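Q: Take this structure, written in structure tokens, and hold onto it; I'll ask about it next.
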Amino acid sequence: MIILPELPYAYDALAPVISAETMRFHHDKHHATYVKTANELLAKSGETPKDLETIVLDAHRAGNQKLFNQAAQAWNHGFFWTSMSPDRQSPDGELTAAIASAFGDMAGLKDKFVTEGAGHFGSGWVWLVADGSGVIKVISTHGRGRSLTESG
Ligand SMILES: [Fe+2]
């Protein structure tokens, strides 16, 4: 069974960048609904409970698009919450070097990230991904994001 995680900070902790209303909408409505629907699909299929990442990858491999869409969006939202913090932070070490190599500097990464997101038609996700060789890049997924299966 998939569990809806609590936000790791208060709903208004990221305001004014992201309002409490927006956080509630994406956590309490979007994320909660993806978790609920995925659990219903899992219960209907009688599958043994697994961790969410395994459910996403197995559903993708099996071509179970219904379950994949719900589970992937639950994973995406969960990842999103833990990718942000009300405390300003900066990358260091290998990530700083990878950002410099790929985008010139942090401002270059931000510019690429914002441009990618602004170019979306409809809903979707923008990701900073690594390909396993130290190279990072910004990619988009549309509608139901599939970062686990598209980022390598
Ligand atoms: Fe959402």
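Quick note: the coordinates plus some simple rules give every number you see, no bench work behind them. Note that the structure is predicted; figures quoted are calculated from it, not measured. For neighbour counting, all protein chains shown are included, and Cβ atoms are generated from backbone atoms with ideal geometry for every residue, glycine included.
Q: Would you mind working out the magnitude of the charge dipole of the range 93-143 relative to its Cα centre, with +1 at each Lys and Arg C-beta and -1 at each Asp and Glu C-beta, to the nearest 20 Debye?
A: Value, rounded to 20: 100 debye.
Q: If you don't mind, another one. Along the charge dipole of the range 20-82, pointing to its positive end and built from +1/-1 on Cβ of Lys, Arg, Asp and Glu, which listed residue (Ala32, Gly63, Ala74) has its Cα farthest out?
A: Gly63
Q: Any idea how many Lys pairs in the chain come in under 27 angstrom at the alpha carbon, given 8 or more places apart or on separate chains?
A: Value for the chain: 10.
Q: What would the Debye formula give as log10 I(q)/I(0) at q = 0.13, 0.28 Å⁻¹ for the alpha-carbon point model of the range 20-82, no solvent?
A: The Debye formula, applied to the Cα set alone, gives -0.33, -1.20.
Q: Take the eigenvalues of the Cα gyration tensor for the chain, scale each by 5, and report the square roots as semi-axes in whole Å, largest first.
A: Square roots of five times the eigenvalues give 28, 20, 14 Å.
Q: For the range 46-152, what is the charge dipole size about the Cα centre, in debye to the nearest 20, if Lys and Arg each add +1 at the Cβ and Asp and Glu each add -1 at the Cβ?
A: 360 debye
Q: Across the chain, where is the longest run that never hits GluC sites (Glu not before Pro) in a DSSP loop with at most 15 other C-beta atoms within 10 Å?
A: 48-152
Q: Restricting attention to the range 76-138, which chymotrypsin sites (Phe, Trp or Tyr not before Pro) occupy a DSSP loop and are surrounded by at most 14 other Cβ atoms within 10 Å?
A: In loop regions of the range 76-138 (DSSP not H, G, I, E or B), the sparsely surrounded chymotrypsin sites (Phe, Trp or Tyr not before Pro) are Phe121.
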